[in-house]
1. Can you report the number of residues in region 664-675 which are more than 15 Å from Lys763 (Cα to Cα) and either assigned to a loop (DSSP other than H, G, I, E, B) or in contact with a Cys (Cβ under 6 Å, 6 or more places away or on another chain) (or both)?
2. Looking at (1) buried (at least 17 other Cβ atoms within 10 Å of the Cβ); (2) part of a helix (DSSP H, G or I); (3) among the hydrophobic types (A, V, I, L, M, F, W, C), which is the one condition that is false for Leu389?
3. Might you let me know whether region 1041-1060 holds any residue that is surrounded by 18 or more Cβ atoms within 10 Å (Cβ to Cβ), under 30 Å from Gly489 (Cβ atoms) and not small (Gly, Ala, Ser)?
4. Which one of these does Phe729 not meet: (1) touching a residue at least 24 places away in the same chain (Cβ under 8 Å); (2) part of a helix (DSSP H, G or I)?
5. If you check Leu12, Leu54, Leu110, which single one turns out to be more than 51 Å from the chain's Cα centre (by Cα), surrounded by 15 or more Cβ atoms within 10 Å (Cβ to Cβ) and at pLDDT below 80?
6. Which condition number does Asn999 fail, the rest of (1) polar (S, T, N, Q); (2) outside any loop (DSSP other than H, G, I, E, B); (3) buried (at least 18 other Cβ atoms within 10 Å of the Cβ) being met?
7. Please find, within region 844-855, the residue that is nearest to Tyr907 (Cα to Cα) out of those that are in contact with a Lys or Arg (Cβ under 9 Å, 6 or more places away or on another chain) and not small (Gly, Ala, Ser).
8. In region 248-293, what count of residues is obtained for those that are under 18 Å from the mean Cα position of the chain (by Cα) and modelled with pLDDT of 85 or more?
Amino acid sequence: MKLTALLFTVALTAAHASGHSQQVSYTGKDVPLKQLFRVIKEQTGYTVFGNARLLRDAKNVTVNARNVNLTDFMKLILDEQAIGFVIDGKNILLELKRTIRPELLPVQRLSLEADSIVLTGKVTDSAGLPLSGATIASKGNKKRIVATDSKGNFSIRVSLGEMLQISFIGYVTREVKVSSQGPLLIALVADEKAMDKVVVTGMMERRKESFTGAAASYSGDKLKSIGNLNVLQSLRSLDPSFVFIDNNLAGSNPNTLPVIELRGQTSISTATVRDKFTNDPNQPLFILDGFETSLKTIADLDMNTVASVTILKDAASTAMYGSRASNGVVVVETKKPVPGKVRLSYTSDLRLELPDLSSYNMMNAKEKLEFEKLSGAYDDTRDISDRQLVLDSLYSYRLQEVLRGVNTYWMSKPLRTGFSHRHSLNATGGDNIVRYEIGANVRSNNATMIGSEKKDWGANLGITFRKKNVNVSNRIYLSGSQEKESPYGKFSSWVNTNPYYRPLSSDNMFLERFITADASVYSQVTNPFYNASLPSFDKTKTFALQNNFQMTIDLSRSLRFQTNAQIMKTTADQNIFLSPLHTSFKDESDPVKRGSLDFKSIDRFSYTVNASLTFFRYFGQVHNLNAFVRTEASENTDKRNGYVAVGFPNSGNGNPAFAYGYQSGSAPAASSVISRRASFVGTVNYSYDNRYNADFTASMDGSTSFGASHRFSPFYSGGLSWNLHNERFLKRYPHLSTLRLRGNMGLTGNQNFSMIISDPVYKYFPNINSNGQGVFLSALGSPDLKWQNTLQTSLGMDLGLWNNRLTLQLNAYEKLTDPQIVSITLPSSTGLNNYPFNVGQSRVRGWEGTLSYAPVFRPGVFVWNISVSGAGLTQRYDKFNNSLLGLNKELKESKALTRFMDGYSVYDIWAVKSLGIDPATGREVLLKKNGQQTFVYDAADIDVVGSSRPGVEGVISSSVNFKGFSLGFYFRYILNRGWFNQALYQKVENISYASLAYNQDKRALYDRWKQPGDQTEFKAISATSTTPITSRFIQTENSLSGESVSMGYEFKSGRWLDKAGLSMLSIQLVSNQLFYWSGIQAERGIEYPFARSISASIRASFK
């Protein structure tokens, strides 16, 4: 019998609501059910689905209802019918009543006899689109299981009265009792918790229950509930393995990208290994809608377009990306067009940023003047005639200013309350054949330092065509940004300005210019407002165009072909102009050298093409096999040019046409890099009886980033998992919902290296002779350079109790990178440096875990969840065998705290160990490597004194969802992290006479050694002595910060919504970095301050 859907009108909104919140009013006599279903649609927006056979024997209904909620109205009109119903989201699904009075049952058509029949049917989504690959399984007979074909159709042999379970990735599983020979129409609704059950790899979707890898998935709504800045900041709060390396210099600068690590470092990150086009070799791979993308693209991505983000962590989950997967993979999927009448949605994200200066401990005017006096700043030590008189006059002048009440808080002068706003508009529509989506967004961010700005915009257009077994889609993305650094310069220059100076207008070049009797200048202090008022600028402008094409053909019920193609064009221009009137040129007598313009331009074009086959089938009812093969090729062309122009007229505005020439010894520079990559990958997943699962992946990748002798390299992974909760011997424990053990091992690679490191580089001589222009060898190539590969091993456990109200996920892993790629300096006789070669290995061992508990668990009504996550790791180098002596020598001479040595870690902090200040003498007591104590500093005694990697770092969170109300708290904790306290080293000690021109930390005045017997942390005040870096300046930090506090409400129903033409309205308030408590006092945000933020998001969907 032909199957039809009772779809009476098209849904106008995708919002979800409870059936108890809708009201229906209607009066009529002998009204057909179909007419009443139309009334429900018109008044509530709910759509009724069901089998047409259910209505053949339905009776007309006489009804008199006024403001009756939807559930009661449905019960009223179906009371005398053999029809039941279930409300799923905005859909009402009709079914045969579970308990039917005998007189209502049409025995001749719906016989419940247990005869075996062949049942046919179709599975669709809530919009009526067929779901290919949905599973139909008998609950009582595991041998009876089939999957739908490309059109959503299925047939299965069952018995009347048997219970069927229909499931599909990303949708709520339904159970249907076989009450007739069908055919059946089964509509599945999207699962709001689908992210917990699905792993999106960027190439395919996998059921988490049969997956052997470590992965974490989060919905776009979940990410948005943490904050509305960008996806990366929210991911940091949700996953303990996704770590931001604190950038204490850049603080909250909106134009600085974060440094991200996923399960530690696999590479030695030095500027000699990376070039201007490559990413950080320790940065994870980012995939956007199936294609590789950049960190900046993800950071600027409109969060309102994000459907989900999945973090792939180990070999089993990342091996399909082969040579690019050693640092993990972050897969971002955007929302796809939805069929139906045009659906319009608007989102406004508003954000206030408040500078956080609580970490600073600077002296006030009185304290600073007293400190200068104690330091001998006003004592003549050179025995120069009349110099003491000058010093006395200078001190007297400054003291009078202090007594007059001058105490300027300079830190606040370049700051403001930052404000940013983003507006997004999106429209979707279409039918079952053609669907479309168009969207646009614009954001303006006026950050906390005055003049610091970032403005970006984006637009997208997507079209999907579906006809029978063919699905074709194309999406175009356009985006651009304008970034501007603050003309007020580095924040540290304002922090360090002495508070006894009065703030003067920008017309004054100097805050103080003390001239002696012989007209010589003794003290000359620049007015920071003067430089800020000049037409200097630091601007960057970017533009990106990306086109993604995809075609999918279902060749059969079990075989699918897919091809994808992407082209991407990116340009970026940076201009840094320094006015000739800037005080940095005040001592330059030659006018043609005053002023400078540093110009850089980057132009990137890339294309990627791939094709794949996917096979999925059940065998023997308990065997499930999925196979996937794919081949891909890509090419990137990166071009860069630039120059430094000098000498501008005083009225110059940065136009290069007015420059006098190029910087001395330089000329315009240009470079071009073409890199190519090719890969072939195959993966197989087998599941037996949904208990035992196996994954195997193999790939062969080729890249121009390595030596000509090693263009190709194989990669692989294998994994096993065991779903113990499906074992019969554990069925006796009903409280056990999930118990899964996982393990895998595999080899992955890293391609974030410059192509030119494997090939020789030549440059032209600057001079030309009669024979022409010669060339010389600039960099020696390494044709035998091998790939940097990482062998990953991972073990994991997933535990769920009491219907997963209590969940525990634990992961342990090891990453062995062998060999490393390092650049060294060759002997000076060669005239060459930065020679790349393979040496050494790195071993990372770590763990991560998340424990969650829901004290209240009533989905759709009231859910309260408490969670704590944590992660830790260790890292060690080996097999360097003193090959990096030159690199370590450079690090030592530059006073860097890092070394690359066998048996030690990149996170180790190196310094001479200190036993503190001797109370008797005020001198520092140092510990030599042989255990002896000494007052004499010896660089040979430098040893490991701490680790910059925390012992444990994670998040404690709590979230509440009550009907439409939501409340969330996320607090980050850091335990046992080594921290080089720069303020102690530069502003408490090591304050020279020259440094006295700047403000200092209060501890320099109050906490220094003064007399014998003093128990202090710091030496006596002295402007002539210096202190090398010792363990006294390396502190252990334990901290707690308010990473996110959010509150929101979603309005899903109400007459006022109808009057406003809205189907849904959501309002959310979020505060990020509300507080930061630390066990040490260290300055945070040196060149740009950190900020606390308060944001609001308003989202509306229109009817």
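The values are calculated or read from the model by the stated rules, or taken from the named source; none is laboratory data. Treat the numbers as computed from the prediction; the structure is a model and nothing was measured. Backbone-built Cβ (ideal geometry, glycine too); neighbour counts: all protein chains shown.
1. Of the residues in region 664-675, 2 are more than 15 Å from Lys763 (Cα to Cα) and either assigned to a loop (DSSP other than H, G, I, E, B) or in contact with a Cys (Cβ under 6 Å, 6 or more places away or on another chain) (or both).
2. Just one mismatch for Leu389, condition (1).
3. yes
4. Result: Phe729 fails condition (1) only.
5. Leu110 is the lone residue from the list that is more than 51 Å from the chain's Cα centre (by Cα), surrounded by 15 or more Cβ atoms within 10 Å (Cβ to Cβ) and at pLDDT below 80.
6. So the condition that Asn999 fails would be (2).
7. Looking at the filtered set, the residue picked out is Val844.
8. 28
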